1. Mind jotting down the distance between the C-alpha centroids of the stretch 4-54 and the stretch 379-438, whole Å?
2. Can you tell me the 0 to 90 degree angle between the C-alpha axis of helix 207-220 and the longest principal axis of the chain, rounded to 10?
3. How long is the gain from residue 453 to residue 200 if the chain were fully straight, where each residue apart is worth 0.36 nm and the alpha carbon distance is subtracted?
4. Taking Cα pairs under 8 Å and at least six residues apart, what relative contact order does the chain come out at, in percent?
5. Using only C-alpha positions, report the orientation-averaged shadow area of the convex hull of the stretch 348-449, nm², one decimal.
6. So what's the stretch 294-470 giving for Rg/Rh, alpha carbon basis, Kirkwood Rh from the mean inverse pair distance?
7. Arrange the peptides 368-376, 209-217, 455-463 so that the one whose residues have, on average, the most other Cβ atoms within 10 Å appears first.
8. With N set to the residue count of the chain, report its C-alpha Rg divided by 2.2 N^0.38 Å to two decimal places.
């Protein structure tokens, strides 16, 4: 064991077990301090003081601090600019090495480079580890040694490379090496400039305990039937673990191990998609604000603020789209099938730039992750990593008929359509005026008329995308 003091900087890895940086620090240092920074550079960029993610992080950090105390240690909690707070704390504690788990977003890379440089000026070392993905950097490449740009060949290479060592649990024992209590109290939400959002009323429990509850519910419930249930938003067919994966309150290695043990290939594929999008962001940072496929930047989108607002508010006149958007606005979560439907509708029915939709999801989603959000939106806009032709356009009515056949999900979020019979629930404008009057659901009065005609919008989209077809 080295005679050194370590500082473990927690970021999007808010757990005290199967944690690469923490385990490495405990194995190599005589004393290990832990820190979390409520980073003003991130918090100040949020659009509202009622941000569910901040409340989730606050709860997860509270639970992490308690868990570390139970091990005989503590969690230093700071509120400021991480670029300044980490070097300052490391110097105060006479730290020899700062341990972190890697992040792959361009802004996070820039932050880490700045912190690493500031530490180096003080003679403090920096060690980073792979923790939030199974493979990163150049671990999965094509035979030509290039990053993949299509999912299926990446998935095949990912699975071929996978070994037991990639899924091994990072053991975090040796509690006696954790440094003792920190005198600084944890700031309350109000101290951070934020307000409670009612996570408990939404059924969301932050932290490791919340992740474990959801995992056990999914493992013993929907996991064996995931492939047949996953596309139906009215049933509990998915894990709801995305926010916990986003903030690292559960280990990706554990979930991959469990998926393999259960033979749950369909769910494992979703976890591989997550790795894939991290890889894309890591290798192709231009995709953050430009099309992954550069020729798609030639597309000219419509400037339609009223159409964007109607989509955001769930007032497009297409029930499945509107129910999905209202679910997002109410809870900060949206079913994956509906993320595809609503994104396709914005880009290919309304003709609005995918970046505006991506930005709105980034503001609303509890599980917002730049890599997955950007990847999903570019997939819907056909400008990203998609092997399908650009002229794939989701029909919002047939998607509704297929994946919410009885309108159960629609009625949950569109109470104004409660009385509409199944025959018309997916396209209520097809009801006759007398039937609308009798049901108390007059289109244009009680529920919006469709913003666009899908068939006509499809033709306009084909014209809009013709510039891509003509590209050399």
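Just so it is clear, none of the values below were taken in a lab; they were calculated from the coordinates. Keep in mind it's a predicted model, so treat the numbers as computed, not measured. Positions of Cβ are generated from backbone atoms using ideal geometry, with glycine treated the same way; all protein chains shown enter the neighbour counts.
1. If you average the Cα positions of each part, the centres end up 42 Å apart.
2. For 207-220 against the chain, the angle is about 50 degrees.
3. Working: separation 253, 0.36 × 253 = 91.08 nm, distance 3.98 nm.
Full extension from residue 453 to residue 200 adds 87.1 nm.
4. Numbers: 727 pairs, mean separation 75.0, N = 472.
Value for the chain: 16 percent.
5. Details: hull surface 31.9 nm².
If you wrap the Cα atoms of the stretch 348-449 in a convex hull and average its projections, you get 8.0 nm².
6. Working: Rg = 16.1 Å, Rh = 16.6 Å.
Checking Rg against Rh, the ratio lands at 0.97.
7. 368-376, 209-217, 455-463
8. On the way: Rg = 23.9 Å, N = 472, 2.2 N^0.38 = 22.8 Å.
Normalised Rg, Cα atoms only: 1.05.
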